[in-house]
Amino acid sequence: MAANLVTLGSLKVVSRDDLSQSMTGCASTSCGSSEGPADMDPAIWARVKDHPCYSEEAHHYFARMHVAVAPACNIQCNYCNRKYDCSNESRPGVVSERLTPDQAARKVIAVANEVPQLSVLGIAGPGDAAYDWRKTRETFRQVVAQIPDIKLCLSSNGLALPDHIDELVEMNIDHVTLTINMIDPEIGAKIYPWIFHDHQRLTGIEAARVLHERQMLSLDMLVARGILVKVNSVMIPGINDAHLREVNREVKRRGAFLHNIMPLISDPAHGTHFGLTGQRGPTAAELKALQDDCEGGANLMRHCRQCRADAVGLLGEDRGQEFTLDKLPETVDYDPAAREAWRDWVAQEREDRRAAVSQAVQATAAQVAPQETPLLVAVCTQGGGRINQHFGHATEFKIYEVDAKGVRFVTHRRADNYCTDGAGDDERLARVIRTLEGVPVVLCARIGDCPREALAAAGIEAIDAHAHDYIEPAVAAVYRDRRALPAALTA
Ligand code: CLF
Ligand code: SF4
């Protein structure tokens, strides 16, 4: 690769030549690990390594897209109102346009040609992918006929899923998300006003009991067939927040691969029951406390972005507006070249990154006392596992925690980008500073003097000396700078 910057899709990445220089520069730095091949069975790793939701590491490199082909739903959740016309909202159930399976297949192929990071096609509504099964099945069938290596993923409330389990297996659907918010129907009755099952509409405790039984049946059937199951739970303070610990234990016992505890999104403007009745969502601290409390149970996903049902791109970015129906060609043929080149590049990149991480872990363990307190570090990145975004362009910050044991991804925090049309916006900067509360360091590819000074005045150090380095080694280097023992004590 001759050029310093390689452009693959919309993502600019540093070339391998520059990588070596960058590695030399940070060879003594490093970090801890996201889950990777060292942390799991190789056969499982092979199935999740390119799935941005099932592997935190993969979400730096690979993209998912959702196609909104399944509008019908068989239950009502008190946090859901499926709107179709708001392209600015990012939350499950919201889409700009519904698609037929034919339109969806055309869109997937157009995206695959333009977004080489694409590895997963998910159907996550805007209703229930298993209830609206004929459209889900037809979409998957058409796409796989043209892109055989794309991973198929679906999301369901579990009520109708047992009816289609054999077809799921036949279609090689390897990843299924079940939304399970309770294992106690008394609690379920506060979340679900009704369900439609077996030609009947059920309400109250009876509805929640049937839903619970079908969800457990779905989980058991999927696990028995070797399909990887991620359980999504919506954390609803005062209703199921404490109960989700039991949910975590139970889904682990039954063989779920991952548990993703998400915050309730509740706003009267969304028109949901919870929004209109003042039910609040959890604070970031409440969510983290619950997630931390569940450590040791089912493995937790912490990098979920609560995607729209028509999201396109890396998690945290949404390129859906580039691929609306009016912009799609009438006919499109799949060209695998870009996706193949991307996977080759990622394979090499992963090896380099792991070597850097390993060195960094050793350096940190050797130089920092184990009892040193952890440090939170915010990172500006546009993917690729590198610090490669200007501070002013960041619309979210990835938050890492580092101590002598390593570097761990904790969460992301959203913010409005400080720079718009080439100029900084002081009000936005004030909001960014509030977003970074409790995080004393931000790493970015570049930052101007004004925002750097404003951050410093708020007690946040902005560092751009690690531009284009791997994230974890850079985070570890910052930690060592702050916490390393005097050299005489480590000799
Ligand atoms: Fe889509 Fe869900 Fe498949 Fe991912 S999303 S169907 S598992 S491909 Fe991912 Fe989005 Fe979170 Fe879902 S970040 S909302 S967990
Ligand atoms: Fe909405 Fe999904 Fe609940 Fe159906 S299952 S009501 S689509 S959130």
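Pick out the one residue from Arg302, Arg201 that is away from ligand 1 (no atom under 16 Å from the Cβ) and of a type in the set (Lys, Arg). Spell out the reasoning first.
Numbers: Arg302 fails: away from ligand 1 (no atom under 16 Å from the Cβ).
Testing whether each residue is away from ligand 1 (no atom under 16 Å from the Cβ) and of a type in the set (Lys, Arg) leaves just Arg201.
Please tell me if Asn81 is more than 19 Å from the chain's Cα centre (by Cα) and either modelled with pLDDT of 90 or more or closer than 23 Å to Ala356 by Cβ (or both).
Considered against the rule, which asks whether it is more than 19 Å from the chain's Cα centre (by Cα) and either modelled with pLDDT of 90 or more or closer than 23 Å to Ala356 by Cβ (or both), Asn81 comes out as no.
What about Arg343, is it in contact with a Gly (Cβ under 8 Å, 6 or more places away or on another chain), at pLDDT 90 or above and at negative phi? Don't jump to the end; show me each part of the working.
Values: in contact with a Gly (Cβ under 8 Å, 6 or more places away or on another chain): no; at pLDDT 90 or above: yes; at negative phi: yes.
Spelling it out, it is not the case that Arg343 is in contact with a Gly (Cβ under 8 Å, 6 or more places away or on another chain), at pLDDT 90 or above and at negative phi.
Being of a type outside the set (Phe, Trp, Tyr), out of contact with any strand residue (DSSP E or B) (no Cβ under 6 Å at 6 or more places or on another chain), touching a residue at least 60 places away in the same chain (Cβ under 8 Å) and not in a strand (DSSP E or B) is the requirement here; does Ile187 meet it?
Numbers: of a type outside the set (Phe, Trp, Tyr): yes; out of contact with any strand residue (DSSP E or B) (no Cβ under 6 Å at 6 or more places or on another chain): yes; touching a residue at least 60 places away in the same chain (Cβ under 8 Å): no; not in a strand (DSSP E or B): yes.
Spelling it out, it is not the case that Ile187 is of a type outside the set (Phe, Trp, Tyr), out of contact with any strand residue (DSSP E or B) (no Cβ under 6 Å at 6 or more places or on another chain), touching a residue at least 60 places away in the same chain (Cβ under 8 Å) and not in a strand (DSSP E or B).
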Self-check item: From the options Gln117, Gln142, residue that is closer than 30 Å to Val332 by Cβ, in contact (Cβ under 8 Å) with a residue 40 or more places away in the chain and surrounded by fewer than 22 Cβ atoms within 10 Å (Cβ to Cβ)
Solution: Gln142
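I'm checking my understanding of the structure. Among residues of segment 190-199 that are outside any strand (DSSP E or B) and either surrounded by fewer than 20 Cβ atoms within 10 Å (Cβ to Cβ) or aromatic (Phe, Trp, Tyr) (or both), which one is nearest to ligand 2 (Cβ to nearest atom)? Walk me through how you get there before you give the answer.
Filtering segment 190-199 down to residues outside any strand (DSSP E or B) leaves 190-193, 198-199.
So of that shortlist, the ones also either surrounded by fewer than 20 Cβ atoms within 10 Å (Cβ to Cβ) or aromatic (Phe, Trp, Tyr) (or both) come out as 190, 192-193, 198-199.
Numbers: Lys190: 14, Tyr192: 8, Pro193: 10, Asp198: 17, His199: 18 Å.
Top of the filtered list is Tyr192.
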Practice problem: Sort out which residues of segment 430-450 are more than 25 Å from Gly384 (Cα to Cα), more than 25 Å from the chain's Cα centre (by Cα) and not charged (D, E, K, R), and write them in order of number. | Solution: Ala430, Cys450
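Residues are listed down the side, and each one gets a yes or a no for (1) over 19 Å from Leu228 (Cβ atoms); (2) within 14 Å of ligand 2 (Cβ to nearest atom); (3) not in a loop (DSSP other than H, G, I, E, B):
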site	(1), (2), (3)
Glu97	yes, no, no
Ala105	yes, no, yes
Pro116	yes, no, no
Ser119	no, no, yes
Tyr131	yes, yes, no
Arg141	yes, no, yes
Gly158	no, yes, no
Asn181	yes, yes, no
Quiz item: Would you pick out the residues in segment 200-241 that are closer than 18 Å to Ala298 by Cβ and not in a helix (DSSP H, G or I)?
Solution: Gly226, Ile227, Leu228, Val229, Lys230, Val231, Asn232, Ser233, Val234, Met235, Asn240, Asp241
Self-check item: Of residues in segment 414-432 being touching a Pro at 6+ places or on another chain (Cβ under 9 Å) and in a helix (DSSP H, G or I), the one surrounded by the most Cβ atoms within 10 Å (Cβ to Cβ)
Solution: Val432
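The values are calculated or read from the model by the stated rules, or taken from the named source; none is laboratory data. The structure displayed is predicted, hence computed values, not measured ones. Virtual Cβ from ideal backbone geometry, glycine too; neighbours counted across all protein chains shown.
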